[in-house]
Amino acid sequence: MEEEEDRNLVKEPNFAYGTYTYADYLTWQLDEMVELIRGKVFRQAAAPRRIHEELSVALVTRIHGFLKGGTCRVYTAPFDVRLPISSKDPTEIDTVVQPDLCVVCDPEKLDDLGCVGAPDLVVEILSPGNNKKELQHKYEVYEAAGVREYWVVHPDERTLLIYTLESGYYRSSRLFTFGDRVASQALPGFELDLDEVFGEL
């Protein structure tokens, strides 16, 4: 596990040690996308595989169609989501992530730079090399920030796991796969037919 985490840490000398804030993040000009999780810099995995992108398109198409005409908005990476703990001051925010998909229903959380505060729904599609980042690091910050629903999609296994926030902690669903229709508590009325989604891959 430690080796996988080490591969995700940006290895440039100025990122190898120390902690950083969103104010630092805004000054960087990098050739690769990075995320800031509790002050530590994580590189994005290599360009997503085709199956990852097909899943992303399938999901965003269905969610966007459902949300059309309402106040909620769906966004895809790269889209900065800042998760402040106590202050929106850029020098005090130490977590900036780029979910594969996120839905934001409170327009007050949106600005020209992205989202500041917890989205209502976050979807992460696993890729080789990023499982620990998604399943541990992001799980923890999404839970602490108050993301109402966190979906983890495993493209190779054709599965979906949903974490729903209850009294400040995530409750896990069973593992969904072919034959399942899943509903979202964060988006009442939205249902996803996994036969359709996974059947397109």
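The values are calculated or read from the model by the stated rules, or taken from the named source; none is laboratory data. This is a predicted model, so every value here is computed, not measured. Please note: Cβ atoms are built from the backbone with ideal geometry, for glycine as well, and neighbour counts cover all protein chains shown.
Annotations for the structure displayed:
- Selection over the range 90-114 of residues that are in contact (Cβ under 8 Å) with a residue 40 or more places away in the chain, farther than 17 Å from residue 140 by Cβ and crowded, with 22+ Cβ neighbours inside 10 Å gives a count of 3.
- If you filter the range 135-162 down to residues that are modelled with pLDDT of 95 or more and in contact with a helix residue (DSSP H, G or I) (Cβ under 7 Å, 6 or more places away or on another chain), you find that the one that is farthest from residue 56 (Cα to Cα) is 150.
- Checked against (1) surrounded by 15 or more Cβ atoms within 10 Å (Cβ to Cβ); (2) under 30 Å from residue 27 (Cβ atoms), residue 87 meets all criteria but (1).
- Just one of the listed residues (106, 112, 100, 31) is at pLDDT 85 or above and more than 30 Å from residue 196 (Cα to Cα), namely 112.
- Note on the range 36-82: among residues that are crowded, with 18+ Cβ neighbours inside 10 Å and touching a His at 6+ places or on another chain (Cβ under 8 Å), the one that is modelled with the lowest pLDDT is 42.
- Any hit, the range 11-33, residues being in contact with a Leu (Cβ under 7 Å, 6 or more places away or on another chain) and among the hydrophobic types (A, V, I, L, M, F, W, C): no
- Screening residue 160 with (1) surrounded by fewer than 21 Cβ atoms within 10 Å (Cβ to Cβ); (2) touching a Ser or Thr at 6+ places or on another chain (Cβ under 9 Å) gives one miss only, at (1).
- The conditions of being under 25 Å from residue 109 (Cβ atoms) and modelled with pLDDT of 95 or more are met by residue 167.
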